[in-house]
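Below is one structure, written out as structure tokens, with a few remarks after it.
We did not get these values from a lab; they are worked out from the coordinates using the rules stated. Fair warning: this is a prediction, and the values are worked out from it, not measured in the lab. Cβ placement follows ideal geometry from the backbone for every residue including glycine, while neighbour counts extend to all protein chains displayed.
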Amino acid sequence: MSGVNYLIGSEDICTRPLRTFDERICALAADFSTALLADGEIRTMPDALSLAFWCRKANIKRLRDARPPEERRLGRGLAFHIAPANVPVNFAFSYIFSALAGNANLVRAPSRPFSQVPAVIRVLKAVLSGHPEIEKRTALISYPADDEITAAFCARADVRVIWGGDATVEKIRSLKSKPGCQDICFADRFSFAILDGRAVEEAGETALRTLARNFYNDTYLMDQNACSSPQIIFWRNAAGPGREKFWAAVEKEAAGRYRLQAASAVAKFDQSCREAVELAGLVKHIRRHGNLIYRLSLAGLPEEAETRLRGSCGYFYEYDLENFGLLKDLVSEKCQTVTYYGLDPEIIRDFVLDEGLTGIDRIVPVGSAMDIGLIWDGFDLIRSFSRLIDLTYPKGMDGGCEKKTPS
Amino acid sequence: MGFSLEDLAGTDPYGLDKNEKKKLYRRALSELTHSHYRRCPPYRLIVDAYGHDPEKIQDPEDQPMLPVRLFKELELLSVPHEEVVKVMTSSGSTGQAVSRIFLDRDNSRKQSRVLTRIINSFIGPKRLPLLILDTEMVKRDRAMFSARGAGIVGFSTFGLDTTYALDDHMNLKADRLKAFIDRHAGETVLMFGYTAIIWEHTLGEMEKAGLSFRLEDGILFHIGGWKKLRDQAVDALAYNEKVRSLFGRVRVHNYYGMAEQLGSVFVECEHGHMHCSIYSDVVVRRPEDFAVLGSGERGLLELLSLLPGSYPGHVLLTEDEGEIAGEDDCPCGRLGKYFKIHGRIKGAEIRGCSDTYERR
């Protein structure tokens, strides 16, 4: 197709699926990990290193072993991935997850000029040459936004993996696909944190520094703009000096690491002034730590808080959470990740289960918000990306058992 | 109550030194903050949310500032709607929201008086033959009547025999231009226009047509963004040279002002320095924490103006970068701060999960 640039592979991609966790794809993942770790350029990129770490042999083995051995799964065929333009290595995770499920993969690489993208592609390309069966099932492409090209790929796909939020999902879904095509859509999500003030207060210097670093990684590392980055900080046991201790530690961490752009500083300041007016009656006060941290202390939550309360680049809403009941009104299907510190996460999970909340897919400790894995947005991605081959024996055989394979 | 222009009527627009100006601004800006705090509820919400106490603030640098973008997002006025006589809108880039600035009679009058005092200090008290290097369309066409049209109307008060160099389709009218210059041979001629439009539609077209004049004494005031010109690597020096090569002896004054603070403009002197008049001041702030920066340090420009009475625009944080170049010591003799503008800050590149498909 004209206008499409094949960074890896070609138009003649082999679309015949492999078994889920086929040895050949596991071997590729392991080699990919080794090659990434050995690469001088990759070693300077924390997010690419986390990819390398995830792909390492032991981790893949652990994930494979954790699956029910009696399940016979096969990839669905060709998966077409629309990767986010602005999260550098997400395209590679999306690729590896789907490849492990057994699919051939056509991946549109992010268009923004992140240095991680060409570096990861360079390493992957070199590694693939030693894995011909996977290589012929892999194509990495780039092309300018063009509905015709996207439509042509959509028409061929057995799975569409659509990252990039509501607008992208809506756009891609409007393009025709095979009737049986499986769409895995990652819509815009909202996340928050629940921190315990007393636990922070009691934390020693090292623990506090670690907490601040973890919180930084959940937020500033992606300009607080990832779906799993917390927007609201709910405080349990808010009285006492824990809260201010926490922010002071975060400020210290961010001051050493975050490159605040002038435009972001102005945007945060503008947003704070605007919201002082728009959220009149709900804003108790605004505090800023230089321009690194903006904190809007709220006395109540507005309607549709999940769409209205959106900060980026270090702009947080704070609210004293006396009891979990409030979450019932707040949480909708938009809610993805809860990061927690100093409280028992099972309380949160049980609350979601008992109250039948439509949102909250992940409950992870502060520092793990960005840890992408095979379970994401409430999907078991391996299952979503693959087919289960159901086998039934005739009645009366094998002791009258109808089914060998669990559903 | 409130700042009265009459207090400054007898003062040269560049006649207050550092200490005198500070004294004036402590009083005048505090009064403005008080007044807006009382009369503009959104302003009060912001001041309160940040915990500022209008009673305690003294130094101009401590006055609560508003980001200019806020005037595109909120309706900010300190007078009842029925007292508004004019709503100014910023031109803004295509597709972007525009600022809305609400002027009452008093605010509007202050703007034109102060503009007159400032411009007169450069051109003298008499009206001069005026050549507008633009099209008259901007005045007629309501859709185009934004800050651009208002600027032309405002400047026309300094002119006689006001003549437009461009026709309705932005084409240079060489005959009209020649006739105007012939009519006023030997006189001081005033010219006005927008920086980038002059460059493209007047200077560029004159050059193409091989047209040039030898004015004995011309004065050009031009205003507007430099982005287009910077992209073509045109700086002030090259700009001024081009003007002189095509028009003869012309004093070129670039000036700077925003729709949010019309009237109290900043004018570049013959030494290329952008000056604050007694009606306005500039503070440069560090983007990281908004700390006040000293001379020669580059940061965000905050503009102070004594004029905004009907809307809370007396202390504004702009999205322009610049630096203070000096104070009270320009060889031109004008007192007050002078500064450099480095243009709009770069848009932020933000990471995140959204917006993948359409953007490149």
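Kirkwood Rh, Cα Rg: Rg to Rh for the stretch B:211-360?
Taking Rh as the inverse mean 1/r over Cα pairs, Rg/Rh reads 1.04.
How would B:V283, B:V250 line up from fewest to most surrounding beta-carbon atoms within 10 angstrom?
B:V250, B:V283
Enumerate the amide H contacts of A:V364 below 5 Å, restricted to partners 5 or more residues apart or on another chain; note that Pro and chain-start residues carry no placed amide H.
A:V338, A:T339, A:Y340
Averaging the inverse of every distinct alpha carbon separation and then flipping it gives the Kirkwood radius. What is it for the stretch B:23-106, in angstrom units?
14.1 Å
Just to check I understand the Karplus step: with θ = phi - 60° and J = 6.51 cos²θ - 1.76 cosθ + 1.60, what whole-Hz values come out for the stretch A:250-265, glycine and proline as x?
These are the phi-based 3J(HN,Hα) values: 5, 4, 4, 5, 5, 4, x, 10, 8, 9, 7, 7, 4, 5, 5, 4 Hz.
Answer with one residue from A:L301, A:A207, A:I194: the one whose Cα lies farthest towards the positive end of the charge dipole of the stretch A:190-375, charges on Cβ with Lys, Arg +1 and Asp, Glu -1.
A:A207
Where in the stretch B:95-118 does the amide nitrogen come within less than 11 Å of the point 7 Å from the Cα of B:E83, taken along Cα to Cβ?
Counting backbone N atoms under 11 Å from the label point, the list is B:104-107.
Which loop trypsin sites (Lys or Arg not before Pro) in the stretch A:136-235, with loop taken from DSSP, have no more than 10 other Cβ atoms within 10 angstrom of their Cβ?
A:K176
So what's the gap between the Cα centers of the stretch B:40-117 and the stretch A:221-279, to the nearest angstrom?
When both Cα centres are located, 27 Å separates them.
Along each principal axis of its Cα atoms, how long is the stretch A:39-93 end to end? Whole angstroms, biggest number first, please.
41, 28, 14
What's the percent breakdown of Cα-Cα distances in the stretch B:230-285 across 10 Å bins, shortest bin first?
20, 42, 31, 7
For the stretch A:210-305, which GluC sites (Glu not before Pro) pass both filters: DSSP loop (anything but H, G, I, E, B) and at most 14 other C-beta atoms within 10 Å?
When the GluC sites (Glu not before Pro) of the stretch A:210-305 are filtered for loop state and at most 14 Cβ neighbours within 10 Å, A:E303, A:E304 remain.
Mean-square fluctuation check for chain B, GNM, Cα pairs under 10 Å: which of B:K173, B:K227, B:K208 is largest?
Evaluated over chain B, the most mobile residue of the options is B:K208.
Straight-line reach only, C-alpha to C-alpha below 19 angstrom: list the lysines that B:K228 could link to, leaving out same-chain residues fewer than 8 apart.
Counting by Cα, and skipping residues close in sequence, B:K228 has these lysines nearby: B:K242, B:K340, B:K346.
Among A:D354, B:D104, which comes first, then next, by fewest other beta-carbon atoms within 10 Å?
Ascending number of Cβ neighbours within 10 Å: A:D354, B:D104.
With unit charges on the beta carbons (Lys and Arg positive, Asp and Glu negative) and the dipole taken about the Cα centre of the stretch A:190-375, which residue among A:N291, A:I232, A:C313 sits farthest to the positive side?
Value: A:N291.
Multiply the residue gap between B:E241 and B:R26 by 0.36 nm, knock off their C-alpha separation, and tell me the result in nm, one decimal place.
Answer, rounded to one decimal: 73.3 nm.
Quick one: dipole size for chain A, taken about the Cα centre, charges +1 on Lys/Arg Cβ and -1 on Asp/Glu Cβ, in debye to the nearest 20.
My answer is approximately 1060 debye.
Could you tell me which of rounded, prolate or oblate describes chain A, using a ≥ b ≥ c as the square roots of the eigenvalues of the alpha-carbon gyration tensor, with rounded for a/c under 1.5 and, failing that, prolate when a/b is larger than b/c and oblate otherwise?
Prolate, since a/c reaches 1.5 and a/b exceeds b/c.
Per the Kirkwood definition applied to all pairs of different Cα atoms, how many angstroms is the hydrodynamic radius of the protein assembly as shown?
30.1 Å
Does the stretch B:1-143 classify as rounded, prolate or oblate by the C-alpha gyration tensor (a ≥ b ≥ c root eigenvalues; a/c under 1.5 gives rounded; else a/b over b/c gives prolate, otherwise oblate)?
oblate
For a footprinting-style exposure proxy, rank B:C269, B:C276 by other Cβ within 10 Å, fewest first.
Arranged by neighbour count, lowest to highest, B:C269, B:C276 become B:C269, B:C276.
How much of the DSSP bridge set in the stretch A:190-375 is antiparallel, in percent, rounded to the nearest 5?
20 percent
About its Cα centre, how strong a charge dipole does the protein assembly as shown have in debye, to the nearest 20, once Lys and Arg get +1 and Asp and Glu get -1 at the Cβ?
The dipole of the protein assembly as shown has a size of about 1320 debye.
Write out the trypsin sites (Lys or Arg not before Pro) in the stretch A:343-390 meeting two conditions: DSSP loop, and at most 13 other Cβ atoms within 10 Å of their Cβ.
Filter output for the stretch A:343-390: empty list.
Taking amide H positions as placed in the peptide plane 1.01 Å from N, state which residues far from B:H253 in sequence (5 or more) or on other chains have amide H under 5 Å from it.
Close amide H contacts, sequence-distant or interchain: B:L220, B:F221, B:H222.
Which cross-chain or sequence-distant (5 or more) residues have an amide H under 5 Å from the amide H of A:E318, H modelled 1.01 Å from N in plane?
Sorted by chain and number, the residues that satisfy this are A:I233, A:L296, A:S297, A:L298.
Kirkwood Rh over alpha-carbon pairs of the stretch A:190-375, then Stokes-Einstein at 20 °C and 1.002 mPa s: what D in µm² s⁻¹, rounded to an integer?
D, rounded to a whole number, is 130 µm²/s.
Restricting to DSSP H runs of at least four residues, report the calculated mean residue ellipticity at 222 nm for the protein assembly as shown, -39500 (n - 2.57) per run over all residues, nearest 500 deg cm²/dmol.
-10000 deg cm²/dmol
What list of ³J(HN,Hα) couplings, whole Hz, do you get for the stretch A:225-242 from phi and the Karplus terms 6.51, -1.76, 1.60, once you set θ to phi - 60° and write x for glycine and proline?
Those phi angles translate into 10, 7, 4, 8, 6, x, 9, 9, 10, 8, 10, 9, 6, 6, 5, x, x, x Hz.
Nothing charged except the Cβ atoms of Lys and Arg (+1) and of Asp and Glu (-1): what's the magnitude of the dipole of the stretch A:190-375 about its Cα centre? Round to the nearest 20 debye.
In total the dipole reaches around 820 debye.
Karplus couplings for the stretch B:58-68 from phi (6.51 cos²θ - 1.76 cosθ + 1.60, θ = phi - 60°), rounded to Hz, Gly and Pro as x?
10, 6, x, 5, 8, 5, x, 9, 10, x, 4
Please report the equivalent ellipsoid semi-axes of the stretch A:269-407, computed as sqrt(5 x eigenvalue) of the Cα gyration tensor, largest first, in whole Å.
Gyration-tensor ellipsoid for the stretch A:269-407: 45, 16, 14 Å.
For chain B, set up a GNM with springs between Cα atoms under 10 Å and report which of B:S78, B:S108, B:S295 has the largest fluctuation.
Ranking B:S78, B:S108, B:S295 by mean-square fluctuation puts B:S295 first.
Among residues other than B:L229 whose Cβ falls under 10 Å from its Cβ, what is the net charge (Lys/Arg +1, Asp/Glu -1)?
It works out to a net charge of 0.
Taking the Cα atoms of chain B, report the difference between the largest and smallest coordinate on each principal axis, in whole Å and largest first.
62, 61, 45
Rank A:L374, A:N90, A:L388 by how far each Cα sits towards the positive end of the charge dipole of the protein assembly as shown (+1 on Lys, Arg Cβ; -1 on Asp, Glu Cβ) and give me just the farthest.
A:L388
Give me the net charge for the shell around B:D328: Cβ to Cβ below 11 angstrom, other residues only, Lys and Arg +1, Asp and Glu -1.
Result for the local shell: 0.
So what's the net charge close to B:K22: Lys and Arg +1, Asp and Glu -1, counting the other residues with Cβ under 12 Å from its Cβ?
-1
Would you look at the GNM of chain A, springs on alpha carbons closer than 10 Å, and say which of A:L78, A:L391, A:L63 moves the most?
Of A:L78, A:L391, A:L63, the most mobile in the Gaussian network model is A:L391.
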